[in-house]
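> Sharing a structure below in structure tokens format, with a few things to ask.
The values are calculated or read from the model by the stated rules, or taken from the named source; none is laboratory data. Keep in mind it's a predicted model, so treat the numbers as computed, not measured. Counting neighbours? That spans all protein chains shown, and the Cβs are built from the backbone with ideal geometry, glycine included.
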């Protein structure tokens, strides 16, 4: 009798262990809007690549889960989570941008995987740049509705010029109308590293003017998956994987 009980308990333990392993290896579908380089990009053969894709791939590897990326429309990105078309969304989501979404009460967000906001773009010829204090008295382009304008004026003594379109600001800097541009890091990287017209002409200064929190979304109530993502985020931060990805996608020439 005791032998039978022990065999039964051992079998149950084996089933639980196998079940746990299967759960950890579950494949999750990840929705993303693949038109915001370098965060999300459609590459050859319709492959989706980019910083966010690498981040999610590394989180999955750290947590021993499998992920599949699928393209989504920006206007339906949260609806796809709610109706379970996909399990996860990583798509340049910031806590500021998502706050106004009508579906936000049905969504849960991870801990921030990146906290990087506006940076300064300068000409490669600006050899005297030694930090944000170097902008005192200089002409700095800013984009409408960004928080950097008062910071530049009041803290660093810059003279700001506001632009509706980033392309206009970069064109003016190329012509010498302004000395620098303040914009968020993904935009700066796109214009400096992915734009043939400006590659090798401009560079991104390492200092940050503001901080923006980038997060991953899941359907509200999916606490187990959210915890898995948060553990993965913590791990790729601790082992410098995230720092290496930031250098690769935003600062590498």
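> Is there a residue in region 188-206 that is assigned to a loop (DSSP other than H, G, I, E, B), buried (at least 18 other Cβ atoms within 10 Å of the Cβ), modelled with pLDDT of 95 or more and not assigned by TED's automatic domain parsing to the domain that holds residue 241?
Taking region 188-206 first, the residues assigned to a loop (DSSP other than H, G, I, E, B) are 194-201.
Applying the additional criterion that residues be buried (at least 18 other Cβ atoms within 10 Å of the Cβ) yields 198.
After this cut, where a residue has to be modelled with pLDDT of 95 or more as well, the list is none.
Within region 188-206, not a single residue is assigned to a loop (DSSP other than H, G, I, E, B), buried (at least 18 other Cβ atoms within 10 Å of the Cβ), modelled with pLDDT of 95 or more and not assigned by TED's automatic domain parsing to the domain that holds residue 241.
> Still on this model: Would you confirm whether or not region 224-236 contains a residue that is surrounded by fewer than 16 Cβ atoms within 10 Å (Cβ to Cβ), in contact with a helix residue (DSSP H, G or I) (Cβ under 8 Å, 6 or more places away or on another chain), part of a helix (DSSP H, G or I) and not assigned by TED's automatic domain parsing to the domain that holds residue 184? Steps first, please.
Here is the first cut: in region 224-236, the residues surrounded by fewer than 16 Cβ atoms within 10 Å (Cβ to Cβ) are 224, 227, 231, 234.
Cutting the leftovers down to in contact with a helix residue (DSSP H, G or I) (Cβ under 8 Å, 6 or more places away or on another chain) gives us 231.
Remaining after also requiring part of a helix (DSSP H, G or I): 231.
Imposing the further condition that a residue be not assigned by TED's automatic domain parsing to the domain that holds residue 184 reduces the set to 231.
Within region 224-236 (the criterion being surrounded by fewer than 16 Cβ atoms within 10 Å (Cβ to Cβ), in contact with a helix residue (DSSP H, G or I) (Cβ under 8 Å, 6 or more places away or on another chain), part of a helix (DSSP H, G or I) and not assigned by TED's automatic domain parsing to the domain that holds residue 184), the answer is yes, since at least one residue qualifies.
Yes/no per residue for (1) part of a helix (DSSP H, G or I); (2) more than 18 Å from the chain's Cα centre (by Cα); (3) closer than 21 Å to residue 237 by Cα:
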residue	(1), (2), (3)
70	no, no, no
78	yes, no, no
84	no, yes, no
91	no, no, yes
97	yes, no, no
101	no, yes, no
112	no, no, yes
122	no, yes, no
129	no, yes, no
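> Here's another thing I want to ask about it. Can you find even one residue in region 16-31 that is outside any helix (DSSP H, G or I), at pLDDT 95 or above, surrounded by 12 or more Cβ atoms within 10 Å (Cβ to Cβ) and within 13 Å of the chain's Cα centre (by Cα)? Steps first, answer last, please.
Within region 16-31, the subset outside any helix (DSSP H, G or I) is 25-31.
Cutting the leftovers down to at pLDDT 95 or above gives us 28-31.
Of the ones still in play, those that are also surrounded by 12 or more Cβ atoms within 10 Å (Cβ to Cβ) are 28-31.
If we keep only those that are within 13 Å of the chain's Cα centre (by Cα) as well, we get none.
Taking every residue of region 16-31 in turn, none turns out to be outside any helix (DSSP H, G or I), at pLDDT 95 or above, surrounded by 12 or more Cβ atoms within 10 Å (Cβ to Cβ) and within 13 Å of the chain's Cα centre (by Cα).
> The conditions are (1) under 18 Å from residue 209 (Cα atoms); (2) loosely packed, with under 12 Cβ neighbours inside 10 Å; (3) in the same structural domain as residue 38 (by TED's automatic domain parsing), and residue 100 fails exactly one of them. Which is it?
(1)
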